[in-house]
Structures are given as C-alpha cells and as structure tokens.
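This report concerns only the one structure given below.
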Amino acid sequence: MTTGTPSTYFMTGCASGIAQHVADRLIARGDKVYATDVNYDALARHANEKGWPESRVKLDTLDVRKLEDWEEVFERAVETFGKIDVCMNIAGVMLGGWIHEQPAKEIDMQIDINLKGLIWGTQVASKHMVSNKSGHIVNIASLAGVAPIPGIAVYVASKYGVRGFSLAIANELKPLGVDVTVVCPDAIKTPLVEQCARTDAGAMVFSAPR
C-alpha cells in the first residue's frame, strides 16, 4: 500500500475480518475505498457505525465467485473514482473438515471463493491497471499456503493456489507496470477462524491459545 498521496482502493470481504480492519485504517488516513462484500447489510452496518465518509467511500455487493459480478462492480468502481490504484482480494472462507468426510459443497465453496474468486478479481483488475500502465494487486493467501495443516486441507489447497498464482502473475504483470503482492498471514482472530475452530477438525488446528 502506498503512503503520502491518497490512493484509491478496491476491496473485497469488507464486512468483517482482515478486510474490515484494513478498510478502517485506509479510510482513517484519507484514502478512497470502494468496499464490497457479499453481505451488504453487514457492510453497511459497519460503515454506519464507523462513520465512513460517503465522499470517499462507496459500498457495493459483490459475490466474488461470479465473473459477471466482478465485471459489473469493478466497472462501477472505475466510473465512481475514475481509477483504481490498488485491488485487494481479501474475501475468503475456511471450513474445517477431514477430507474423507467433508461435503462436496464445502469443498466447492472454499475453492470458488478463495481461489477462483481471487483469480477473477485479479483478471478484471489487471485489465484496468494494464491499460493505465500502473496499479497494485494485493492477494491474501495464508501461512497455510506455505506450510500444510491437517484438518483444513481444502483451505490449504486454495491458499497454496493463491500463493502460486500470485507469484506467477507478478512476473507477467511487472513489465506492464502492475505490481503484485501476496500476503501469507498466520491465524488471526477473525470470524473466519472462530467459525472454523468450532468444527472437530478445526478445533485441533486452533487448539493453542490465541
């Protein structure tokens, strides 16, 4: 993220967790933020509680799993602010479960949101940024995308995918003026982690004091 001159950010997953906290910080320092989430009501509630200024912050609904949503919402963001300097792909889900027991819908959800949704977002944002010959894409992976962890194997697979994808596109986009950063945080006390910790498999993963 840049410092000094205010920048314009497009962000996913802003109704809770890491994205919500980062959005709060960016808005507090004077940046413009196009904040999105699939749960618009929760997003709007937080924005109202924090007093996000409507002059610099716009809210929108985005289901990252749908390419058509990405194209429509990102276009609205560009129409609103003129240019997007940074796209932050943060939306994610973690569903604990042993692979021999995990339902197909939970596998699909994690891959579709964590990996495919991020790929769609990167593709859409990169087209805008390449045309401007500037921009920065920030993808949130996980320490689980570096060191495999039993009990959340599908989440691990999705985050390994995010890390590998991000490293590859960094080499593609750098010559075109677009930077790519992949962030691999350790477990952070967020609703995502708390929900996963309530499952039998997730409880073993997050059994240490937090």
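Any read-out appearing in this document is the output of simple, stated calculations on the displayed coordinates, not a laboratory observation. Here the structure is a predicted model, which means the values were calculated and not measured. Ideal geometry is used to build each Cβ from the backbone, glycine not excepted, and the neighbour counts take in all protein chains shown.
Only helices at least 18 Å long along their axis, Cα-based, and averaging 0.5 or more on Kyte-Doolittle count here, so list those DSSP H runs from the chain. Intermediate values should be presented prior to the final figure.
On the way: long enough: 67-81 (21 Å, -0.50); 117-132 (23 Å, 0.14); 153-173 (29 Å, 0.68).
Passing helices, by number: 153-173.
Please report how far the C-alpha centroid of the range 118-160 lies from that of the range 29-61, rounded to the nearest whole angstrom.
If we compute the Cα centre of each part, the gap is 22 Å.
Cut-off 20 Å, label point 7 angstrom out along Cα-to-Cβ of Asp41: give me the residues of the range 59-74 whose amide nitrogen falls inside.
59-64
Counting other C-beta atoms within 10 Å, which of Ser55, Ser126, Ser134, Ser142 has the fewest, and how do the rest follow? Each step should come with its number before you reach the end.
Details: Ser55 7, Ser126 19, Ser134 13, Ser142 26.
Ascending number of Cβ neighbours within 10 Å: Ser55, Ser134, Ser126, Ser142.
So, how do all the Cα-to-Cα distances of the chain break down into 5 Å bins, in percent, from 0 on up?
Result returned by the calculation: 1, 7, 15, 20, 20, 16, 11, 6, 3, 0, 0.
Within the chain, what's the longest stretch lacking GluC sites (Glu not before Pro) that sit in DSSP loops with no more than 14 other Cβ atoms inside 10 Å?
Values: sites that count: Glu54, Glu101.
In short, 102-210.
Springs between alpha-carbon pairs under 10 angstrom, Gaussian network model over the chain: which of Leu118, Leu167, Leu67 fluctuates most?
So, out of Leu118, Leu167, Leu67, the one fluctuating most is Leu167.
Quick one: if the Förster radius is 35 Å, what FRET efficiency do Trp98 and Asp179 give, using the C-beta to C-beta distance and rounding to 0.05?
Numbers: r = 39 Å, r/R0 = 1.10.
Working from the Cβ atoms, E equals 0.35.
Can you give the extra length, in nm with one decimal, that the chain gains between Val130 and Thr5 once fully stretched, where that is 0.36 nm per residue apart less the Cα-Cα distance?
On the way: separation 125, 0.36 × 125 = 45.00 nm, distance 2.10 nm.
Using 0.36 nm per residue and subtracting the Cα-Cα distance, I get 42.9 nm.
Fewest Cβ neighbours within 10 Å first, please rank Thr36, Thr122 accordingly.
Values: Thr36 30, Thr122 23.
Going from least to most buried by this count: Thr122, Thr36.
Straight-line reach from Lys174: which lysines have Cα under 20 Å away, leaving out those fewer than 8 places along the same chain?
The reachable lysines, counting only those whose Cα sits under 20 Å from Lys174, are Lys83, Lys127, Lys133.
Can you put Tyr155, Tyr160, Tyr40 in order of Cβ neighbours within 10 angstrom, beginning with the fewest?
Numbers: Tyr155 27, Tyr160 18, Tyr40 14.
Placing the least packed residue first, the sequence is Tyr40, Tyr160, Tyr155.
Would you be so kind as to identify which of Ile90, Ala157, His136 lies farthest towards the positive end of the dipole of the chain, taking Lys and Arg as +1 and Asp and Glu as -1 on Cβ and the Cα centre as origin?
After comparing all options, I get His136.
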